[in-house]
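Worksheet: one structure, shown below.
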Amino acid sequence: MKKIFTLPVFVFSLFAAFAQLTNETISINGVTRSYKLYIPSGFNVQTENPDMIIIMHGLGGTNSDMVGAGFNFIADTARVIVVYPQALNNSWGMAAWNNGTMLGSTADDLSFMNELINKGLSDYNVNPARVYATGFSMGSIMSHHMACAMNNRIAAIGAMAGTMPTSDISSCVPAYKTPVIHLHGTADGTVPYDGSALPSLSLVPQTIDFWRGVHGCDASADSTRLPDTGTDTITIDRFVYDNCNPSASLELWRFNGADHVYLYQPVNDITEMIEVWLFLRKWTHSNPTTLGLEDKELSPVKISPNPSTGLVHITTEYTGKIQLMDLKGGVVFEQQIQAGDAVLNLDALNKGIYLMRVGEETHKLVLN
């Protein structure tokens, strides 16, 4: 799980030109966490309901490493909000994800990922059923971990050169059958493909066998040898497993002769991030959790109609001030209410998405 590849300078410089890439921070239980955020060119939060992808770096790496992996161009046309989180250091001083492996950190990374998704839903109207995770090396291992620990939120994962933690293989029982594409080199000297596994990590066959069991796939797979167009010595075999539920929800891309590397064209036959996205985009979570952005079943606050054309009725046990905020955090409306029923007249506000603060609860409100 050594530090991730470094892309050629000419590749990275192309992405640096995009002004939509920003450096952001968020507080997780009193700890400041950082991430890079990419917003598609021309994005309109009032009219778009975008997908979201979390892209994670490898051990000892940075989120800048992954910016060069090629997804920002895809995001502009596919309309995807892209998040590049930064890991905190482990006991050996290396940036690492808390994913159940021996080299993992003790950071509260699951809360970090959940809050990043929450911000996507609240700030950018992300579709909660179309949130994906991918990464390279330890970021790939974290993707597998999130498919287990955040099974209610992740629609599909793309795993590049990082296998499942053995602790997940022994304990993971996903209610939602997460579609998985796994890409790995047979000569990987950092995270072995087969042979002798690293402590706390599985090998590729064990990882695939686990997900075959989840999806009820046959041991057989339809295999295809990709055209060998690159200037490297690597060939690629694609395996799509038979009779999975849902169909074609498990793929293995075997990079014959490849070490712990990220493939990109024209040097290699494929650009990995493109193939990962072509797989991920096919999947939609059947029952995603939105964690407080819509009325909870047992919430005492009821808002109707929502969406609304201007008049909003609220039923709540709360007495105090209601605030309505735009997606930049600015307060655009306030009203004092008493416990019981109240009516808000929001005719003066523009159409769009707002956050309504009622006591300690926040609810999403759409004005049409």
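Where a number appears in this text, it was derived from the coordinates with a stated rule and is not lab data. This one's a predicted model, so the numbers in the text were calculated from it and none came from an experiment. Note that we place each Cβ from the backbone using ideal geometry, even for glycine, and neighbour counts take in every protein chain shown.
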### Task
Please tell me the relative contact order of the chain in percent, rounded to the nearest whole number, where contacts are Cα pairs under 8 Å and at least six residues apart.
12 percent
### Task
Rounded to whole Å and sorted largest first, list the principal axis extents of the Cα atoms in the range 302-367.
27, 22, 16
### Message
Based on Cα coordinates alone, diagonalise the gyration tensor for the chain, multiply each eigenvalue by 5, take square roots, and list the semi-axes in whole Å, largest first.
### Response
40, 21, 20
### Message
I want to check the label-to-label distance for TRP92 and GLU48. Put each point 7 Å from Cα in the C-beta direction and report it in nm to one decimal.
### Response
4.0 nm
### Message
Can you tally the net charge around ILE322? Count Lys and Arg as +1, Asp and Glu as -1, for every other residue whose Cβ sits under 10 Å from the Cβ of ILE322.
### Response
+1
### Message
Quick check: convex hull over the Cα atoms of the range 212-368, volume per residue in Å³, rounded to an integer?
### Response
191 Å³
### Summary
Of all DSSP beta bridges with both partners in the chain, the antiparallel percent, nearest 5, is 70 percent
### Query
Working out 0.36 nm times the residue gap between SER111 and VAL331, then minus their Cα-Cα distance, what length gain in nm do you get to one decimal?
76.5 nm
### Task
Give the value in nm², to one decimal: projected area of the alpha carbon convex hull of the range 12-94, averaged over all directions.
6.4 nm²
### Message
Show me the ranking of peptides 268-275, 343-350, 222-229 by mean Cβ neighbours inside 10 Å, starting with the highest.
### Response
268-275, 343-350, 222-229
### Task
Write out the chymotrypsin sites (Phe, Trp or Tyr not before Pro) in the range 61-97 meeting two conditions: DSSP loop, and at most 15 other Cβ atoms within 10 Å of their Cβ.
TRP92
### Query
What nm distance separates the two modelled labels at ASN306 and ASN256, each placed 7 Å from Cα along Cα→Cβ?
5.6 nm
### Message
Assuming 0.36 nm per residue, please report the length gained on full extension of the stretch THR77 to THR22 beyond their Cα-Cα distance.
### Response
17.9 nm
### Task
For the range 166-228, just say rounded, prolate or oblate: build the C-alpha gyration tensor, square-root its eigenvalues into a ≥ b ≥ c, call rounded for a/c under 1.5, and beyond that prolate if a/b exceeds b/c, oblate if not.
oblate
### Query
Quick one: MET142, MET56, fewest Cβ neighbours within 10 Å first, how do they rank?
MET56, MET142
### Task
Report, largest value first, the span of the C-alpha coordinates of the range 102-163 along each principal axis, in whole Å.
35, 23, 17
### Task
State the dimensionless ratio Rg/Rh of the range 82-204 (Rg: radius of gyration of Cα atoms; Rh: Kirkwood radius).
0.96
### Query
Efficiency by 1/(1 + (r/R0)^6): what FRET value for LYS321 and SER64, r their Cβ-Cβ distance, R0 = 41 Å, to the nearest 0.05?
0.45
### Task
Could you give the C-alpha radius of gyration of the range 149-291 expressed as a fraction of 2.2 N^0.38 Å, taking N as the number of residues it contains?
1.04
### Message
Per q in 0.14, 0.18, 0.24 Å⁻¹, report the Debye log10 I(q)/I(0) for the range 193-259, using one uniform scatterer on each alpha carbon and no solvent.
### Response
-0.50, -0.76, -1.03
